[in-house]
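Nothing in this text is a laboratory measurement; each read-out follows from the coordinates by a stated rule. Not measured: the values here are computed from a predicted model. Glycine also receives a Cβ, built like all others from the backbone with ideal geometry; neighbour counts cover every protein chain displayed.
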């Protein structure tokens, strides 16, 4: 089973109830917002996404990962909008029979997500300036 | 003439100062032609930014002729996670 969600509110964990006795591994990844951007403190990050395409690309990747690795379930919630430092921006759970494929699948999924899913973040600096994350501001 | 909507995100939005732009273009205008227009409009702000193109919410690897009503996004490096 694949569940993909992009939400504009704090992330709560998925409740795993389906065929738990068939999955020896339940791997959970939470990505959190760091409090600095290129060494400068930030107030928060603001995630924007290309609605429609981001969900489609995320689902495509999730289905690919299920085929490429022998995993049984992948659940992913990605948060958009304002996310404060320390809060969770992405939550992923992968269930599989054994741990190795779950770990490989998780790494592959996150690498591809960071390459293909049209989601971006803006850093809001302490002085209120809003700049694309990783973009060197000329000033 | 054809009407094309360009949605802007991240560094493209930052460079162009707009969420969305509309263009009236000659028929037979291609995706590469439109990228040149966008880069020119941005001055030098997108010079070091690699852009992929999505047309109607799908990545498009090859140069194609744009169709009336297409929604185009020039996708700078993504940053999910």
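Odds and ends about this structure:
- If the condition is being assigned to a loop (DSSP other than H, G, I, E, B) and without any contact (Cβ under 8 Å) to a residue 12 or more places away in the chain, then segment B:1-59 contributes B:17, B:18, B:44, B:47, B:48.
- Hits in segment A:107-122 (condition: out of contact with any helix residue (DSSP H, G or I) (no Cβ under 7 Å at 6 or more places or on another chain) and within 10 Å of chain B (Cβ to nearest Cβ)): A:110, A:111, A:114, A:115, A:121, A:122
- The set of residues in segment A:1-36 being surrounded by 14 or more Cβ atoms within 10 Å (Cβ to Cβ), over 18 Å from the mean Cα position of the chain (by Cα) and in a strand (DSSP E or B) consists of A:25 alone.
- Here A:64, A:38 are screened, and the one residue that is touching a residue at least 12 places away in the same chain (Cβ under 8 Å) and at positive phi is A:38.
- Summed over segment A:45-81, the residues that are surrounded by fewer than 16 Cβ atoms within 10 Å (Cβ to Cβ) and assigned to a strand (DSSP E or B) give a count of 1.
- Qualifying residue in segment A:91-106 (condition: in contact with a strand residue (DSSP E or B) (Cβ under 7 Å, 6 or more places away or on another chain), crowded, with 22+ Cβ neighbours inside 10 Å and within 14 Å of chain B (Cβ to nearest Cβ)): yes
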